[in-house]
Amino acid sequence: MKEISAFFNGANTISDIDQENGQQFNYLDCVKAFAVATYSSIYVIDYMKQGFEYVSDNPLFLCGNTATQVQEMGYNYYFKYVPEKDLELLLKINTVGFEFYEKIPLEDRGNYSISYDFHLRNQEGKLILINQKLTPIFFNNEGKIWKALCVVSLSSERAEGNIRIHKSGENEFYTYDLQENIWRPDQKMKLSVRETEILQLSVRGHTINEISEILFVSPDTVKFHRRKLFEKMGVNSMTEATSYAVNNNLNIFWQVKSKKS
């Protein structure tokens, strides 16, 4: 049987922290404010203490527990609510992810995030596929990850896996091939200007008719571009398209100006 220690790669063992390294402040207030403002499902991993330092109240990640109960469970949570197959996947991601970070220059490691999909068994016994995006927030003096912020959302994919590492501000990313056991370079999906406009306006809650008025095009034109957008992403709804855009770091959150003006 796997043990909790299997999640904590020896290459990232944290034994002590320099108290003068400038990272000692009450950053959790910012994390909590972000969780409240966005109603995101968030938790913080402490790799030195090998547990959760914070878990938000969003029910998506709690599986019927309170945030305090999940925080107290720590990594036992995964053993209880993640199916065995996906648990093995998480351990694999843990290994290859840290190996990747070891090759990044120390001063650049804070710019990378890793995302992946796995199943949780909720309080009703049903499996839900979630996406988890992990971003390091503090490092020790050797560049090993001390604490990391994890954002959990419903996945737009159809199956577990989909392991990707993104660098902030870059169009390129890396995808891990589980069959070949290798990282492969890739590029983010490029949306047309019209696709981006329609997606961004949909996120803001506008209907097809309202979007057509804002962009000064016909409703049929909006429907055409929505359909092409869904085909490009491999999704069936605007909700799934939005989730895909967020999970894959597509920059869609900018102001659309009315074409009538």
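Structure notes:
- Answer residue from the stretch 235-261, given it is surrounded by 13 or more Cβ atoms within 10 Å (Cβ to Cβ) and in a loop (DSSP other than H, G, I, E, B) and is modelled with the highest pLDDT among those: 235
- Restricting attention to the stretch 204-222, the residues that are open to solvent by 60 Å² or more (accessible area, probe 1.4 Å) and within 19 Å of residue 243 (Cα to Cα) total 2.
- Taking the numbered list (1) touching a residue at least 40 places away in the same chain (Cβ under 8 Å); (2) farther than 23 Å from residue 159 by Cα; (3) open to solvent by 70 Å² or more (accessible area, probe 1.4 Å); (4) assigned to a loop (DSSP other than H, G, I, E, B) in turn, residue 48 passes all entries but (3).
- Here the strands (runs of 3 or more DSSP E) wholly within the stretch 94-164 that include at least 2 residues being touching a residue at least 40 places away in the same chain (Cβ under 8 Å), of a type in the set (Ser, Thr, Tyr) and under 21 Å from residue 28 (Cα atoms) are 112-121.
Yes/no matrix, rows are residues, columns are (1) farther than 17 Å from residue 134 by Cα; (2) buried (at least 19 other Cβ atoms within 10 Å of the Cβ):
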residue	(1), (2)
52	no, yes
57	yes, no
65	yes, no
72	yes, no
78	no, no
82	yes, yes
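- Within the stretch 234-247, residues that are in contact (Cβ under 8 Å) with a residue 40 or more places away in the chain sit with their Cβ atoms under 6 Å from residues that are surrounded by fewer than 18 Cβ atoms within 10 Å (Cβ to Cβ) and assigned to a helix (DSSP H, G or I), at 6+ positions apart or across chains, in these pairs: 242/203.
The values are calculated or read from the model by the stated rules, or taken from the named source; none is laboratory data. This one's a predicted model, so the numbers in the text were calculated from it and none came from an experiment. Every residue, glycine among them, receives a Cβ derived from its backbone with ideal geometry; neighbour counts consider all protein chains shown. For accessibility, only protein heavy atoms count, side chains too; no ligands or nucleic acids. Shrake-Rupley method; radii C 1.70, N 1.55, O 1.52, S 1.80 Å.
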